[in-house]
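The numbers here are math on the coordinates, done by the rules we state, and not lab data. Just so you know, these numbers come straight off a predicted model, no measurement behind them. In this analysis, Cβ positions are derived from the backbone assuming ideal geometry, glycine residues included, and neighbour counts consider all displayed protein chains.
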Amino acid sequence: MSKFVRLHDYCRQQGLIGRNNLFCSEAATLSDLSIAHTPEYLAMLCDQSLDPKAWRRIGLPWSQGLIDRTLTAPNGTLLTARLALQHGMACHLAGGTHHAHRDFGSGFCLLNDLAYSALTLLAQGEVSKILIFDLDVHQGDGSAAILASEPRAFTCSIHCEKNFPFRKSASDLDIGLDKHLTDQPYLDIVDSTLQRLLDEQQPDLVLYDAGADVWQGDELGHLDISWAGVQQRDELVLSHCLRRHIPLATVIGGGYDRDHERLARRHAIVVETAAHLYPQYLG
């Protein structure tokens, strides 16, 4: 959990955030969150009445601090999306909890910020079509399941096939990668897939899950993508959206490392890339 404050501190030290571009969200209400999750599940999360088996599936111990953070992060992604619609691009220093389903949590994910943000923006008429482009090394099963009956939200997951979750949901487009895939074939798949989807879907907004767990040294990744490869991937995704003037909101997704400082730097790659590219297109 320390990666979040470390990521914030690193971005501040690097001059990526300051008074004029740092925004904070309020906690979401249970009523707000019920657009993506069942009221029963939300209540049990908050009053600590969730079955111990269900907590084991989540993989995190209950604490009030965890719940407070969990209720705030989805609104962080929603705020990031709204800022992207306003300015062309925005980055959330958290988010990407794509394993959370409508009525249960899984894989360190309690609430699904991507599905919540997509459904809220669609319900309020702020967008007509959203593309969730999920490049976490693990499939975005919760997002796929929650949004399965919402034709205005297109879910795409490019992930390591033989990896968690072992029971996968059906996204609108799933691309399962072989273990130990290297930079160039990976980048080719990301590039061609995104360009095709942007042309076909014509989304009003892209929610980009920039999972840092594709890196070759990640403890739970199983791909062989170099640090430079992760940078190239993020530059590809951001550049394609910026060139087409399609608003893009990024979330950090997964990343696992005993070296928390290195992990924070890895999550910062997408923020650094955005800060580098944004002025060229929209500044």
Item checked: All-pairs Cα distance distribution in the stretch 1-138, expressed in whole percent, bin size 10 Å -> 11, 41, 34, 13, 1
Margin query: Under 10 Å, Cα contacts only: if you run a Gaussian network model on the chain, which one of Asp213, Asp257, Asp134 comes out with the highest mean-square fluctuation?
Written below: Asp257
Next item on the list: Would you work out which of Gln280, Trp227, Gly255 lies farthest towards the positive end of the dipole of the stretch 200-283, given +1 charges on the beta-carbon of Lys and Arg and -1 on that of Asp and Glu, about the Cα centre?
Entry: Gln280
Check: Taking other Cβ within 10 Å of each residue's Cβ, how do Arg19, Arg244, Arg167 sort, fewest first?
Finding: Arg19, Arg167, Arg244
Next item on the list: Pairs of Cα atoms under 8 Å, at least six residues apart: use those to get the relative contact order of the stretch 134-236, whole percent.
Entry: 30 percent
Next item on the list: Starting from the alpha-carbon convex hull of the stretch 194-283, give the projected area averaged over all orientations, in nm².
Entry: 5.9 nm²
Notebook entry, point to check: Taking amide H positions as placed 1.01 Å from N in the peptide plane, with prolines and chain starts having none, which residues 5 or more places from Leu220, or on another chain, fall under 5 Å of its amide H?
Noted result: Tyr256
Next item on the list: Pick out which of Gly95, Gly125, Gly176 has the largest mean-square fluctuation in a Gaussian network model of the chain, springs linking Cα atoms closer than 10 Å.
Entry: Gly125
Check: Among Ala144, Ala264, Ala100, whose mean-square fluctuation peaks in a Gaussian network model of the chain (Cα, cutoff 10 Å)?
Finding: Ala264
Notebook entry, point to check: Of Asp218, Asp136, Asp172, how do they rank once you tally other Cβ atoms within 10 Å and put the fewest first?
Noted result: Asp172, Asp218, Asp136
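Note down the net charge around Arg258, summing +1 for each Lys or Arg and -1 for each Asp or Glu among other residues with Cβ under 12 Å from its Cβ. Before the final figure, lay out each step's value.
On the way: positive: Lys3, Arg262; negative: Asp218, Glu219, Asp257, Asp259, Glu261.
Result for the local shell: -3.
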Notebook entry, point to check: So who's got an amide H within less than 5 Å of the one on Thr250, skipping anything under 5 residues away but keeping other chains? H placed 1.01 Å off N, in plane.
Noted result: Ala90, Cys91, His92, Tyr208
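How high is the relative contact order of the chain, in percent, counting Cα pairs under 8 Å that sit 6 or more residues apart?
Numbers: 548 pairs, mean separation 57.5, N = 283.
That works out to 20 percent.
Seen from all sides and averaged, what is the projected area of the convex hull of the Cα atoms in the chain, in nm²?
So the mean shadow area of the Cα hull is 13.3 nm².
What order do you get for Glu261, Glu272, Glu200 when you list them from fewest to most C-beta neighbours inside 10 Å?
Working: Glu261 13, Glu272 17, Glu200 10.
In order of increasing Cβ crowding within 10 Å: Glu200, Glu261, Glu272.
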